[in-house]
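Novice: First the structure, then my questions, so here it is.
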Amino acid sequence: MADSVTDYMALAFREAEAAGARGEVPVGGVIVDSASGEVLAVAGNETEARFDPTAHAEMLVIRAAAAKVAAPRLAGCDLYVTLEPCAMCASAISLARLRRVIYGAYDPKGGGVDHGARVFSQPTCHHRPEVVGGVNASRAETLLKDFFAARR
């Protein structure tokens, strides 16, 4: 069982690398029960494999963790993800009532937390998790840059 931010982010990076190897944009996520430290779900992007534009790592781990705990809310849980969540994922994070979001690379173009829509800053946002951005950002940025450079 992982027991620190570093360990949980390492799991997220493992999922991101696996996604990249499958031809998906290399983003990985992990949801952890903050009280017990139990990893509830891990996933990497699967938009290409599922032909589903909503199959982002965050959406997949939220669905899997909610199914595991048999509840639509994940109030005592933390999300670790390698890239700043987009507006869609940030909205799902709010709806799931996640306690904390820890992410790697900032995403000035497509992010929805610290960039773009800034979902958690909107007056219509019902739940605002604690957010910690930039964790292992250079590793996440390199993973993404290398992935896209190989496709050009």
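Novice: Here are several values of P(r) over Cα pairs in 5 Å bins from 0, in percent: (i) 2, 10, 15, 18, 18, 13, 10, 7, 5, 2, 1; (ii) 1, 8, 13, 14, 11, 8, 6, 5, 4, 4, 3, 3, 3, 4, 4, 3, 3, 2, 1, 1, 0; (iii) 2, 11, 21, 25, 22, 13, 5, 1, 0. Which one was derived from the coordinates shown?
Specialist: Checking each listed value against the structure points to (iii).
Novice: Mean-square fluctuation check for the chain, GNM, Cα pairs under 10 Å: which of CYS77, CYS89, CYS125 is largest?
Specialist: In this elastic network of the chain, the residue with the biggest mean-square fluctuation among CYS77, CYS89, CYS125 is CYS125.
Novice: Could you tell me what fraction of 2.2 N^0.38 Å the Cα radius of gyration of segment 81-129 comes to, as a two-decimal ratio?
Specialist: Taking N as the residue count of segment 81-129, the ratio is 1.00.
Novice: Roll a 1.4 Å probe over the protein heavy atoms and report the accessible area of GLU24 in Å², nearest 10.
Specialist: GLU24 has an accessible surface of roughly 0 Å² with all protein chains in place.
Novice: Okay, moving on. Label points 7 Å out from Cα along the Cβ direction at GLU48 and LYS145: separation in nm?
Specialist: Output for this residue pair reads 2.1 nm.
Novice: Can you give the helix-only mean residue ellipticity at 222 nm for the chain, where every DSSP H stretch with n ≥ 4 adds -39500 (n - 2.57) and the sum goes over all residues, rounded to the nearest 500 deg cm²/dmol?
Specialist: Dividing the helical sum by the residues of the chain leaves -11500 deg cm²/dmol.
Novice: In sequence order, what are the phi-derived ³J(HN,Hα) couplings for segment 139-145 according to the Karplus relation 6.51 cos²θ - 1.76 cosθ + 1.60 with θ = phi - 60°, rounded to whole Hz, with x for glycine and proline?
Specialist: 3J(HN,Hα) across segment 139-145, in whole Hz: 5, 5, 4, 5, 4, 5, 4.
Novice: Go through VAL27, MET88, GLY104 and say which Cα lies farthest out towards the positive end of the charge dipole of segment 1-128; charges sit on Cβ, +1 for Lys and Arg, -1 for Asp and Glu.
Specialist: Checking the options against the dipole of segment 1-128, the answer is MET88.
Novice: Tell me which residues come under 5 Å, amide H to amide H, from VAL101 once H is placed; ignore anything under 5 positions away on its chain.
Specialist: So VAL101 has HN proximity to LEU79, GLU130, VAL131, VAL132.
Novice: Please work out how much length the chain gains when fully extended from ARG152 to ALA137, using 0.36 nm per residue of separation minus the C-alpha to C-alpha distance, in nm with one decimal.
Specialist: 3.1 nm
Novice: Which ³J(HN,Hα) values in Hz, rounded to whole numbers, follow from the phi angles of segment 14-25 under the Karplus curve 6.51 cos²θ - 1.76 cosθ + 1.60, where θ = phi - 60° and Gly and Pro get x?
Specialist: Once rounded to whole Hz, the list reads 4, 5, 5, 5, 5, 4, x, 5, 8, x, 8, 4.
Novice: Multiply the residue separation of ALA71 and GLU17 by 0.36 nm, subtract the distance between their alpha-carbon atoms, and state the gained length in nm to one decimal.
Specialist: This chain segment gains 16.5 nm when fully extended.
The values are calculated or read from the model by the stated rules, or taken from the named source; none is laboratory data. Here the structure is a predicted model, which means the values were calculated and not measured. Note that we place each Cβ from the backbone using ideal geometry, even for glycine, and neighbour counts take in every protein chain shown. Just so you know, the surface numbers come from the protein's heavy atoms only, side chains and all, with ligands and any DNA or RNA stripped out. Shrake-Rupley method; radii C 1.70, N 1.55, O 1.52, S 1.80 Å.
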